[in-house]
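Engineer: Got a structure for you, questions after.
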Amino acid sequence: MAAEKKNTLTITDNRTGKSYEVPVTDDTLRTLDLRQIKVNPDDFGLMGYDPAFTNTASCRSAVTFIDGDKGILRYRGYPIEQLAEQSTFLETAYLLVHGELPSARELEQWSYEITHHTFLHENVKKLLEGFRYDAHPMGMLVSALAALSTFYPEAKQIRDAEVRRKQIYRLIGKMPTIAAFAYRHSRGLPLVYPDNDLSYAGNFLNMLWKMSEVKYQPNPALEKALDVLFILHGDHEQNCSANAMRSVGSSHADPFCSAAAAAAALYGPLHGGANEAVVAMLTQIGSVKNVPATIERVKKGEMLLMGFGHRIYKNYDPRARIIKRIADEVFEVTGRNPLLEIAIELERIALQDDYFVKRKLYPNVDFYSGIIYQAMGFPVEMYPVLFAIGRMPGWLAQWEEMLNDKEQKIARPRQIYIGHAQRDYVPLSKRRPAPAAAAAS
Ligand code: CMC
């Protein structure tokens, strides 16, 4: 007779010969269930070791679903392709934060609230003006987000849903203003205040590019393209910055400080900075005729093909497919970015080459986004800032979900201690000089 199937795992500890049965839920083991496995009764018990959390779920989440093998990305169950095609960034932000698409009335109210929280306190403006002319806009963004915490002390009441809602309006509303002020500061241009008649993306373009015209009219194609780019960056489940948002938020820091931490995580070149590296690589390749030689260098391990490969996606990144499509619409307005020809040729050759096929290396979100940003006139330092504007609703959705999850506590990983055992303090006069100092004396 076939053995009865159980959702458990039987673990035999070969150190003691004892067996343990632990539950398996959602194909996952709770590592706390390992703690009972001990050799001696006063042992701490077995832990899991997983540097960089490559195989550890830190939460149960209903925000974003990714199937990396099939190239699927969904926010709250809705495919990214449908949202990019039919939704707007503000509607998608509502979806991410609330879990459902809004009714017409809810969307109107939500858009009104975000639009009416776009202004910055004049002292935040002064803070930004205090940065050097060549300050990186990500450094300015991280600082401004943390500074907002001092302007809204009620934000500390993280258990009050109404208070949380207000900070969510503020954070989504003020991101484009901070970003545009940082950009204008770097150019020495006068700051442009928000225009509440314009859409979220349209107002951002207004604050970036308005010069002497009385009323700025955003180009509809560029406004739409930017809105779609924001949608595509809305959330990406437990990535480095979402993890930072949750981790800092788990100490009950206010959402401005938590968002500053998330933005700081995004600043790193391994996370929000790869599209900049793609533009640098394509510029260096310089011409379509140099593509085959570049591919050979990549295959010899002399360089990485930036914008290719992903820890999760082992198929075409669905965001890259959408970005490639909107590139044409942008180039109709801006003129074709010559780097596009090189990118298309790189992709064409790579996708039929055994090296890339065997390793499942496909274009990721960064492969085409930098080319579009460059064509739209953004300097490379602004690329991660654009990423951060789009990602804010995702950070906030992850933060609220963490706060409302009864199983969550302050994030506090364990460690395997590999340092010295106890030793006695040595007075300064009895310590041996360090080798370098000894040689110099
Ligand atoms: N070009 C050439 N070879 C590559 C590349 C690449 N871009 N990416 C991976 N490989 C090779 C790698 O050398 C390894 O080969 P082998 O098996 O012979 O040693 C194999 O493919 C597996 O790579 P891995 O390093 O184990 O993969 P990973 O999951 O640790 O790395 C990655 C993922 C994104 C860091 C990596 O693919 C990479 O560095 N890509 C270029 C940078 C980039 O485009 N980053 C943007 C990521 S998307 C942004 C986001 O979602 O936040």
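The values are calculated or read from the model by the stated rules, or taken from the named source; none is laboratory data. Since the model is a prediction, treat every value here as computed from it, not as a measurement. A quick note on method: Cβ atoms are made from the backbone with ideal geometry, for glycine too, and the neighbour counts reach across all protein chains shown. When the accessible area is computed, the model is the full protein with side chains, heavy atoms only, and any ligands, DNA or RNA have been set aside. Shrake-Rupley method; radii C 1.70, N 1.55, O 1.52, S 1.80 Å.
Engineer: When Lys and Arg each count +1 and Asp and Glu each count -1, what net charge do the other residues less than 10 Å away from Phe44, Cβ to Cβ, add up to?
Structural biologist: Its environment carries a net charge of +1.
Engineer: Convex hull over the Cα atoms of segment 136-277, averaged projected area in nm²?
Structural biologist: 9.5
Engineer: Quick one: with all protein chains in place, what share of the accessible area of segment 244-393 is carbon or sulfur, to the nearest percent (1.4 Å probe)? The partial results should precede the final answer.
Structural biologist: On the way: 3230 of 6010 Å².
It is 54 percent, rounded to a whole number.
Engineer: Taking the Cα centre as origin and putting +1 on Lys and Arg beta-carbons and -1 on Asp and Glu beta-carbons, what dipole magnitude results for segment 1-124, to the nearest 20 debye?
Structural biologist: Values: 12 positive and 19 negative charges, 124 e Å.
Using only the charged Cβ atoms, the result is roughly 600 debye.
Engineer: Right, another one. Kindly provide the pair-distance distribution of segment 1-159 built from C-alpha pairs, with 10 Å bins from 0 and whole-percent values in order of increasing distance.
Structural biologist: Going from the shortest bin to the longest, the percentages are 7, 18, 22, 23, 16, 10, 3, 0.
Engineer: So who's got an amide H within less than 5 Å of the one on Val24, skipping anything under 5 residues away but keeping other chains? H placed 1.01 Å off N, in plane.
Structural biologist: Amide H to amide H, under 5 Å and 5 or more residues apart or across chains, Val24 pairs with Thr8, Leu9.
Engineer: Which order, highest average first, do 113-119, 199-205, 293-299, 417-423 follow once you tally other Cβ atoms within 10 Å for each residue and take the mean per peptide? Display every interim value, and only then the final one.
Structural biologist: On the way: 113-119: 17.9, 199-205: 22.6, 293-299: 15.4, 417-423: 5.4.
In decreasing order of mean packing, 113-119, 199-205, 293-299, 417-423 become 199-205, 113-119, 293-299, 417-423.
Engineer: So, in nm, how far is label Lys289 from label Phe119 when the simple model puts each one 7 Å beyond its Cα toward the Cβ?
Structural biologist: So the label points at Lys289 and Phe119 sit 5.9 nm apart.
Engineer: By a straight-distance test (C-alpha under 18 Å), which lysines pair with Lys38 as possible cross-link partners, with residues fewer than eight away in the same chain excluded?
Structural biologist: Lys18
Engineer: Report the calculated FRET efficiency for Lys166 and Ala3 (r = Cβ-Cβ distance, R0 = 56 Å), to the nearest 0.05.
Structural biologist: Once rounded, the FRET efficiency stands at 0.50.
Engineer: Something else about it: Could you give P(r) for segment 21-112, binned at 5 Å from zero, as whole percent values over all Cα-Cα pairs?
Structural biologist: Histogramming segment 21-112 at 5 Å steps yields 3, 10, 15, 14, 13, 10, 9, 8, 7, 5, 3, 2, 0 percent.
Engineer: Additional query: If a/c stays under 1.5 just call it rounded; otherwise compare a/b with b/c (prolate if a/b is bigger, oblate if not). Do that for segment 288-331, with a ≥ b ≥ c from the square roots of the Cα gyration tensor eigenvalues.
Structural biologist: Here segment 288-331 falls in the oblate category.
Engineer: Another question, if that's okay. HN-Hα J couplings of segment 148-154 from phi, Karplus 6.51/-1.76/1.60, θ = phi - 60°, integer Hz, Gly and Pro as x?
Structural biologist: 4, 4, 7, 8, 10, x, 5
Engineer: Where only protein heavy atoms count, and the probe is 1.4 Å, what is the accessible area per residue for the chain in Å²?
Structural biologist: That works out to 53 Å² per residue.
Engineer: Just to be sure I understand: with springs between alpha-carbon atoms less than 10 Å apart, which residue in Ala260, Ala62, Ala179 has the highest mean-square fluctuation in the Gaussian network model of the chain?
Structural biologist: Sorting by GNM fluctuation, first place goes to Ala62.
Engineer: Here's another thing I want to ask about it. Mean projection of the alpha-carbon convex hull of segment 89-177 over all orientations, in nm²?
Structural biologist: 6.4
Engineer: Follow-up. Tell me, what ³J(HN,Hα) does each residue in segment 58-71 have, in order and in whole Hz, if you take phi through Karplus 6.51 cos²θ - 1.76 cosθ + 1.60 with θ = phi - 60° and put x for Gly and Pro?
Structural biologist: Those phi angles translate into 9, 6, 9, 9, 10, 7, 10, 10, 10, 10, x, 6, 9, x Hz.
Engineer: What shape does the chain take by its C-alpha gyration tensor, where a ≥ b ≥ c are the square roots of the eigenvalues and a/c under 1.5 counts as rounded, a/b above b/c as prolate, and the rest as oblate?
Structural biologist: Working: a/c = 1.43, a/b = 1.35, b/c = 1.06.
Rounded.
Engineer: What's the angle, to the nearest 10 degrees (0 to 90), between helix 240-249's Cα axis and the longest principal axis of the chain?
Structural biologist: Helix 240-249 sits at roughly 70 degrees to that axis.
Engineer: Measure up Lys156/Lys406; Lys70/Lys360; Lys299/Lys358; Lys125/Lys166; Lys6/Lys360; Lys289/Lys324 against 23 Å on the Cα-Cα distance and list the ones that go over.
Structural biologist: Lys6/Lys360
Engineer: Follow-up question, since we're still on this one. To the nearest 10 degrees, how steeply does helix 104-115 sit against the main Cα axis of the chain, on a 0 to 90 scale?
Structural biologist: The angle comes out at about 90 degrees.
Engineer: Please report how far the C-alpha centroid of segment 221-239 lies from that of segment 152-188, rounded to the nearest whole angstrom.
Structural biologist: Rounded to whole Å, the Cα centres lie 19 Å apart.
Engineer: Now for a separate question. Enter the angle in degrees (range 0 to 90, nearest 10) between the Cα long axis of helix 89-98 and the first principal axis of the Cα atoms of the chain, meaning the one along which they spread out most.
Structural biologist: 30
Engineer: Enumerate the amide H contacts of Phe308 below 5 Å, restricted to partners 5 or more residues apart or on another chain; note that Pro and chain-start residues carry no placed amide H.
Structural biologist: Amide H to amide H, under 5 Å and 5 or more residues apart or across chains, Phe308 pairs with Asn364.
Engineer: Just the number, please: carbon plus sulfur as a percent of the accessible area of segment 1-95, 1.4 Å probe, no ligands or DNA/RNA counted.
Structural biologist: Numbers: 3260 of 6600 Å².
Carbon and sulfur together cover 49 percent of it.
Engineer: With a point put 7 Å past each Cα toward its Cβ, work out how far Ser103 is from Lys299 in nm, to one decimal.
Structural biologist: Label at Ser103, label at Lys299, 6.0 nm between them.
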